[in-house]
Amino acid sequence: MIFEVRNVTYRYPGGHGGPAVAGVTLSIGSGELVAVVGPNGSGKTTLLRLLLGTLEPQSGEVLAFGRRATEWKRRDLARRIGVVSQREEAAFPLRVKQAVLFGRYPHLGPLGAPGVNDIAAVDRALQRCDVAHLSDRWIATLSGGEWQRVRVARALAQEPRALALDEATASLDIRHEMEVFELTAQLVSENNLAGVLVTHQVNLAARFADRLVVMHRGSARASGPPGTVLSDTVLEEVFEWPVAMTQWEGVPQFVPLRKSSSSSSSEHQK
Ligand code: ADP
Ligand code: MG
């Protein structure tokens, strides 16, 4: 197992109300793509921070590559896990090539100068994420979809053994969102990575991920393969909104109902 989360609970210091993550158990192996889904504030990002060892749980334990996540030197863990976080301003005046080279930072020697291996890894990542033609562009000039693919390329240039994306498609249109989901799923299987995809796009998660964890107020309300996890009961409880279920290519998909018509439509489905 690459990640093992055992009955983990985390409460932010000074946080109001209950814990942000409560009694969650989860394991992710190589070549597996696990999606963490759930509404805003349900604990998805906190769970990811626990996986990455940037937060220490008050109870339970998180193992990454067989060792407690918080015990890793940050640089050593950064070599193994590529992360594409929720938000990142293209704040510095960098060319795409340089931005992706930053992914090599945890690998660079004491002088910090990139070698032929680093340059080759950057070139491969640029090609694989279909952004090589953007190499010399300033990152501030990229569209949202281009910038996200460049960020995935930077994570890939690390040559990680695990890849974690947190709402990385949240502001993208359909094509660019689909491209990031397709790319993530392909990278996970091609490179035998442990993949974690945090998203509130339940329907897409169900189509791309091997397993889902449905978060609700810090707890894992359901987890397992999409077909066993997604139901109107679970989704209505978690998203607090009426839904109807359907199928696409054998995978459950949901349709949020209009409240005014929900009772008749959901009757119709049953
Ligand atoms: P999600 O990613 O699913 O939207 P989060 O993990 O960010 O949810 O948040 C879970 C809960 O923890 C929320 O109630 C949120 O307000 C709270 N929370 C998140 N970050 C902090 C923080 N730094 N300090 C205090 N509370 C936080
Ligand atoms: Mg979040």
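A few notes on this one:
- Flag for residue 198 being out of contact with any Cys (no Cβ under 6 Å at 6 or more places or on another chain) and under 29 Å from residue 249 (Cβ atoms): yes
- The residues on offer are 93, 39, and the sole one that is more than 16 Å from ligand 2 (Cβ to nearest atom) and touching a Phe, Trp or Tyr at 6+ places or on another chain (Cβ under 8 Å) is 93.
- Those residues of the stretch 57-84 which are surrounded by fewer than 17 Cβ atoms within 10 Å (Cβ to Cβ), away from ligand 1 (no atom under 14 Å from the Cβ) and part of a loop (DSSP other than H, G, I, E, B), in sequence order: 66, 73
- In the stretch 150-229, counting only helices (runs of 4 or more DSSP H) that sit wholly within it, the ones holding 1 or more residues that are touching a residue at least 40 places away in the same chain (Cβ under 8 Å) and within 20 Å of residue 88 (Cα to Cα) span 174-190.
- Any hit, the stretch 40-51, residues being in contact with a strand residue (DSSP E or B) (Cβ under 6 Å, 6 or more places away or on another chain), part of a loop (DSSP other than H, G, I, E, B) and either of a type in the set (D, E, K, R) or away from ligand 1 (no atom under 14 Å from the Cβ) (or both): no
- Number of residues in the stretch 24-39 that are over 17 Å from residue 230 (Cβ atoms) and of a type in the set (Gly, Ala, Ser) equals 4.
- Failed item, numbered, when residue 136 is tested on (1) assigned to a loop (DSSP other than H, G, I, E, B); (2) within 16 Å of ligand 1 (Cβ to nearest atom); (3) in contact with a strand residue (DSSP E or B) (Cβ under 6 Å, 6 or more places away or on another chain): (2)
- Pairs where the first residue, in the stretch 6-25, is more than 17 Å from residue 37 (Cα to Cα) and the second is surrounded by 15 or more Cβ atoms within 10 Å (Cβ to Cβ) and among the basic types (Lys, Arg), C-beta under 8 Å, 6+ apart: 18/11; 18/217; 19/11
- Verdict on residue 236 being assigned by TED's automatic domain parsing to the domain that holds residue 32 and either buried (at least 17 other Cβ atoms within 10 Å of the Cβ) or touching an Asp or Glu at 6+ places or on another chain (Cβ under 7 Å) (or both): no
- From the list 140, 99, the lone residue that is of a type in the set (Gly, Ala, Ser), at pLDDT 90 or above and surrounded by fewer than 16 Cβ atoms within 10 Å (Cβ to Cβ) is 140.
- Among the candidates 185, 132, the residue that is out of contact with any Lys or Arg (no Cβ under 8 Å at 6 or more places or on another chain), over 29 Å from residue 246 (Cα atoms) and not acidic (Asp, Glu) is uniquely 132.
- Residue 167 vs. criteria crowded, with 17+ Cβ neighbours inside 10 Å and either assigned by TED's automatic domain parsing to the domain that holds residue 41 or under 24 Å from residue 39 (Cα atoms) (or both): yes
- Which listed residue, of 199, 184, is assigned by TED's automatic domain parsing to the domain that holds residue 128, among the polar types (S, T, N, Q), within 12 Å of the chain's Cα centre (by Cα) and within 15 Å of ligand 1 (Cβ to nearest atom): 199
- Identity of the residue in the stretch 8-31, assigned to a strand (DSSP E or B) and hydroxyl-bearing (Ser, Thr, Tyr), that ends up surrounded by the fewest Cβ atoms within 10 Å (Cβ to Cβ): 25
Residue-wise test of (1) more than 25 Å from residue 171 (Cβ to Cβ); (2) touching a Leu at 6+ places or on another chain (Cβ under 7 Å); (3) at pLDDT 95 or above; (4) away from ligand 2 (no atom under 16 Å from the Cβ).
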| position | (1), (2), (3), (4) |
| --- | --- |
| 5 | yes, yes, yes, yes |
| 9 | yes, no, yes, yes |
| 29 | yes, no, yes, yes |
| 32 | yes, no, yes, yes |
| 85 | no, no, no, no |
| 111 | yes, no, no, yes |
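The values are calculated or read from the model by the stated rules, or taken from the named source; none is laboratory data. On a predicted model such as this, the values are computed, not experimentally measured, just so you know. Because the Cβ atoms are built from the backbone with ideal geometry, glycine has one as well, and the counts that use them run over all protein chains shown.
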